[in-house]
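These notes are about the structure you will find just below.
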Amino acid sequence: MLKGKFSQYNNFYITDTESLTVAQVSNLRRHCFNKQVEMKVAKNTLIRKALEGIDADKYTGVYDSLHKVTALLFSENPKEPALILAGFRKESKGEKPVLKAAFINGDVFVGDNQLVALTKIKTKNELIGEVIGLLQSPIQRVLGALQNKDAAKAVEAVAEVAAPVAEAAPAVEAAAPVAEAPAAPEAPAADAPAAE
């Protein structure tokens, strides 16, 4: 039965639940059940035999953690058991259950001091989301550039429409001095006959 669980899940946590009361263990089981995490309490010798039966070398880093009372937490989500343990400790204002080790997708994390780091592991879906975000980012930049280009063309079009109007205004001003210019030579011509 244990062998089947280890084969089924790529992620499992080995915890020490020795000093928890029966009520606390039941509460922990409830937390696990609500988050689709399977909790199994088993003898260390049976756990080791099951792991060695699957692949003795693959689980080498886990064997030293098999002592005292052991509860296994199996999960598809690599960080859900860590979140459950951290939440349970906060709720009970204690330091139990203790994390002895975690096996996450082939990597072994040993020691209770790893719990905080394990709560921050990125899940497969989170990583996929980040990759999609990174892939969309250049596309959004291109779209933004195209939109800016369209906006620039619109500004140019407005400028082209406004340019003839702006050119017409100086033409009117230029016409005014031309009209005044003939008047200026007439005045000396009128004076000239008077001088004669």
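Here are the numbers for the structure shown:
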quantity: Some residue of the stretch 65-87 being open to solvent by less than 80 Å² (accessible area, probe 1.4 Å), in contact with a strand residue (DSSP E or B) (Cβ under 7 Å, 6 or more places away or on another chain), closer than 12 Å to PHE103 by Cα and at pLDDT below 95; calculated: yes
quantity: Close pairs (7 angstrom Cβ cut-off, 6 or more residues apart or separate chains): free of Cβ contacts under 8 Å to residues at least 24 places away in the same chain in the stretch 84-104, surrounded by fewer than 22 Cβ atoms within 10 Å (Cβ to Cβ) and assigned to a helix (DSSP H, G or I) anywhere; calculated: GLU95/ARG89
quantity: Scan of the stretch 102-130 for residues that are loosely packed, with under 10 Cβ neighbours inside 10 Å and at pLDDT below 85, ordered by number; calculated: ASN125
quantity: Among the residues listed as LEU99, LEU72, LEU83, the single one being in a strand (DSSP E or B) and within 22 Å of LYS122 (Cβ to Cβ); calculated: LEU99
quantity: Residue within the stretch 34-42 that is more than 35 Å from the chain's Cα centre (by Cα), crowded, with 21+ Cβ neighbours inside 10 Å and in contact (Cβ under 8 Å) with a residue 12 or more places away in the chain present; calculated: no
quantity: Filter pass, TYR59 being aromatic (Phe, Trp, Tyr) and in contact with a Phe, Trp or Tyr (Cβ under 9 Å, 6 or more places away or on another chain); calculated: yes
quantity: Total residues in the stretch 5-59, condition part of a strand (DSSP E or B) and more than 16 Å from VAL98 (Cβ to Cβ); calculated: 4
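The values are calculated or read from the model by the stated rules, or taken from the named source; none is laboratory data. Quantities reported herein were computed from a predicted structural model and do not represent experimental measurements. Note that we place each Cβ from the backbone using ideal geometry, even for glycine, and neighbour counts take in every protein chain shown. Protein only, heavy atoms only, side chains kept; ligands, DNA and RNA dropped before computing areas. Shrake-Rupley method; radii C 1.70, N 1.55, O 1.52, S 1.80 Å.
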